[in-house]
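Before any comments, here is the structure.
The values are calculated or read from the model by the stated rules, or taken from the named source; none is laboratory data. Small disclaimer: the values here were computed from a predicted structure and weren't measured. Every residue, glycine among them, receives a Cβ derived from its backbone with ideal geometry; neighbour counts consider all protein chains shown. The accessibility values were calculated without ligands, DNA or RNA, using every heavy atom of the protein model including side chains. Shrake-Rupley method; radii C 1.70, N 1.55, O 1.52, S 1.80 Å.
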Amino acid sequence: EQLEALEEEKFDVLVIGGGCVGSGVALDAATRGLKVAVVERDDFAAGTSGRSTKLIHGGVRYLENAFKNLDWSQYLLVREALAERSHMLEAAGYLAKPLAIMLPIEQWWKVPYYYAGTKVYDLVAGAHTGVPRSMFLSKEQAMYSYPLLDASNLSGAIVYYDGQMNDTRFSLMVLLTAVQSGAVAANHVNVEQLVKRPDDGKIVGAVVKDRVSNKTFTVRAKTVINATGPFTDSLRRMARDPDGKDPGPSEENQADDLVVPGLGIHLVLPDHFSPNEMGLIVPDTSDGRVLFFLPWSGGTLCGTTDSKGPISMLPKPSSDEVDFVLRESGRYLNRRISRADVRAAWSGVRPLVRDPKSKDTKAISREHITEVNDGGMVTSAGGKWTTYRQMAEDALDMAIKINPSLQLRSGPCVTKGLKLIGADRAGIVCEQKFNVITVTLREDYGYDRDIAEHLTSNYGTRALQIAEIVKHGYPTRPKNLHPKRLVAKHPFLEAEVVFAVQHEYARTPIDVLARRTRLAFVDHAAALEALPLVVNLMATLLNWNRATKQQQTQDALEFLNTMKCPARDEP
């Protein structure tokens, strides 16, 4: 239905890119009363939006730099991000939660400095933040809260709070809320060419190709918004080309590129490397990068940020990067981490942008940029996950500003404070609501505690729909009150595959293993084990023949190969 609407209807806005910003634009446009479509060449949130550190944060280090350098713009960036943090925690309380983060301090004289810094962070956030205030912990209290800390050089610790989320599912819920509000969305649809009006060169749509059916068609729109993250410049080159095609990168046409890619490496370790409700961040490692240990999805997320690397849909950590993380971890923990502890390893490309205000062309901006090209295409670039909603609002405001016909149709932005799908049952306090669902799954459906909590924290009120799928049966399993796990040691269910195909636009096994569930990101070996079951179930649901099953399996294996920890000395 979505694909048919995409081909047959004419839209006010066509959004290219189905990550958090593209989905945010779709939701903003739909709730303003505009007719909007969004296309994504891979899966929704398959790129940068699904490979983040999972933090919803204002940026403690940005605030530090703002005061050190008397940089008002950095301060405003932190204030904006903290306001958006509050919004995200309220919009989908089942997917986004406050997280305590510990800063271990080795020299006692640094305690007042960090304590004052986190208190200012609290102050900038304001009164209604949705998170507790920061605090100081003595050495003994820090060791009690984080037992794996190395106590030999510890003087104490500061604990402050930010938010944490399941990034891919949060982005998906933004998109599904947009669809619920009237948007049209399609994944695995690639933009082959931008359509330009012959008389004035204005961009009025795109020629797209459905990568599943291989069908090509034209999507017509009054304006186009580029929200493609690291791939921003590829679409900007298409917009500059007279025929609307991508001429490919060259020294000449890359001169005006906005994006400067930065890689962030992530390793997933067993859950005992971090307490369930406490993360650890070391702000200054031996080379100045940040080291973090964060509890996430039944494991511990560990890594650094801001290394250099090429733009890719499947970035992979290098062996040297893994060695660095393992080596640095030994400086702060009382237990050595080895490659054998790593369950999964992956990278994300952060789309930093060149600072247009700086005379230095290599200067990087931490702010987002909204740009309009000669053909009227609006580009949103830079920024970070936490500010996705504001980026979307700014991009749509710009599109409306340069298109008088949209000004007559559009209402004001209403996304600030808007609840996402799954958090939409009125009349019950958020915490009580989700606790009630967890209890219902355990008491009325007889689910194990880990399954009930997993479903509630990933689907919110819609967790009960998955329980009903199990209760009434599906093609490969008869009616049953007891859910079947994809693998024994994780709470992901067969019924989630059915739900993903029927309600969440999953079209490939990796859509399910990597993004509707997060199994591929949490445990590489478990994802390999679950792959045949997922392929067979999707083949039944989507009527795949043998050749399609083989191709889907091969594609999934190729993807999963990028999620395993590289061997020593592997490039």
Tally time: how many residues in the stretch 523-552 are surrounded by fewer than 16 Cβ atoms within 10 Å (Cβ to Cβ), touching a residue at least 40 places away in the same chain (Cβ under 8 Å) and among the β-branched types (Val, Ile, Thr)? 1
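If a residue has to be open to solvent by 50 Å² or more (accessible area, probe 1.4 Å) and assigned to a helix (DSSP H, G or I) to count, how many in the stretch 52-70 make the cut?
Pass one, the stretch 52-70, residues open to solvent by 50 Å² or more (accessible area, probe 1.4 Å): 57, 61, 64-65, 67-70.
Among the residues that remain, those that are also assigned to a helix (DSSP H, G or I) are: 61, 64-65, 67-68.
Residues flagged as open to solvent by 50 Å² or more (accessible area, probe 1.4 Å) and assigned to a helix (DSSP H, G or I) within the stretch 52-70 amount to 5.
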Got a number for residues in the stretch 137-158 being surrounded by 14 or more Cβ atoms within 10 Å (Cβ to Cβ) and in contact with an Asp or Glu (Cβ under 7 Å, 6 or more places away or on another chain)? 2
Exactly one of (1) out of contact with any Cys (no Cβ under 9 Å at 6 or more places or on another chain); (2) touching a residue at least 12 places away in the same chain (Cβ under 8 Å) is unmet by residue 170. Its number? (1)
Residues in the stretch 89-131 that are part of a helix (DSSP H, G or I) and open to solvent by less than 60 Å² (accessible area, probe 1.4 Å) total 12
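Which strands (runs of 3 or more DSSP E) does the stretch 200-287 wholly contain that include 2 or more residues that are among the hydroxyl-bearing types (Ser, Thr, Tyr) and either open to solvent by 50 Å² or more (accessible area, probe 1.4 Å) or closer than 28 Å to residue 387 by Cα (or both)? Can you show your working first?
On the way: elements: 203-210, 216-226, 259-270, 278-282.
Hits in the stretch 200-287: 216-226.
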So residue 191, is it modelled with pLDDT of 95 or more and part of a strand (DSSP E or B): yes
All positions within the stretch 553-565 that are closer than 30 Å to residue 302 by Cβ and surrounded by fewer than 13 Cβ atoms within 10 Å (Cβ to Cβ): 558, 561
Here are 86, 73, 49: which of them is among the polar types (S, T, N, Q), open to solvent by 10 Å² or more (accessible area, probe 1.4 Å) and more than 22 Å from residue 259 (Cβ to Cβ)? 86
Across (1) at pLDDT 95 or above; (2) in contact with a Pro (Cβ under 7 Å, 6 or more places away or on another chain), residue 261 clears everything bar (1)
Checking residue 413 against (1) modelled with pLDDT of 95 or more; (2) farther than 29 Å from residue 51 by Cβ, only one condition comes out false. Which one? (2)
Residue 285 meets each of (1) β-branched (Val, Ile, Thr); (2) closer than 30 Å to residue 149 by Cα; (3) under 24 Å from the mean Cα position of the chain (by Cα) with one exception, condition (3)
All-but-one check, residue 513 against (1) open to solvent by 10 Å² or more (accessible area, probe 1.4 Å); (2) modelled with pLDDT of 95 or more, failing number (1)
Please enumerate the residues belonging to the stretch 30-81 that are closer than 30 Å to residue 299 by Cβ, aliphatic (A, V, I, L, M) and in contact with a strand residue (DSSP E or B) (Cβ under 9 Å, 6 or more places away or on another chain). 46, 55, 56, 60, 81
Of all residues in the stretch 541-569, which are of a type in the set (Phe, Trp, Tyr) and within 19 Å of residue 317 (Cβ to Cβ)? 559
Can you name the residue in the stretch 305-325 that is touching a Gly at 6+ places or on another chain (Cβ under 7 Å) and part of a loop (DSSP other than H, G, I, E, B) and, of all such residues, is most open to solvent (accessible area, probe 1.4 Å)? 306
(1) out of contact with any strand residue (DSSP E or B) (no Cβ under 9 Å at 6 or more places or on another chain); (2) farther than 30 Å from residue 210 by Cα; (3) modelled with pLDDT of 90 or more; (4) not charged (D, E, K, R) all hold for residue 105 apart from (1)
Can you tell me which residues in the stretch 296-310 are within 17 Å of the chain's Cα centre (by Cα) and in contact (Cβ under 8 Å) with a residue 60 or more places away in the chain? 296, 297, 301, 303, 305
The one condition in (1) open to solvent by less than 50 Å² (accessible area, probe 1.4 Å); (2) within 30 Å of residue 340 (Cβ to Cβ); (3) free of Cβ contacts under 8 Å to residues at least 12 places away in the same chain; (4) of a type outside the set (S, T, N, Q) that residue 473 fails to fulfil: (2)
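Mind listing whichever residues of the stretch 1-21 are of a type outside the set (A, V, I, L, M) and more than 12 Å from the chain's Cα centre (by Cα)?
Applying the first criterion (of a type outside the set (A, V, I, L, M)) to the stretch 1-21 yields 1-2, 4, 7-12, 17-20.
Passing the criteria: 1, 2, 4, 7, 8, 9, 10, 11, 12, 17.
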Of (1) open to solvent by less than 10 Å² (accessible area, probe 1.4 Å); (2) within 22 Å of residue 394 (Cβ to Cβ); (3) in a loop (DSSP other than H, G, I, E, B), residue 43 satisfies every one except (2)
When every residue in the stretch 1-15 that is among the hydrophobic types (A, V, I, L, M, F, W, C) and open to solvent by 10 Å² or more (accessible area, probe 1.4 Å) is compared, the one farthest from residue 518 (Cα to Cα) is 5
Tell me, yes or no, whether the stretch 265-279 has at least one residue that is at pLDDT below 85 and either over 22 Å from residue 455 (Cα atoms) or under 19 Å from the mean Cα position of the chain (by Cα) (or both). no
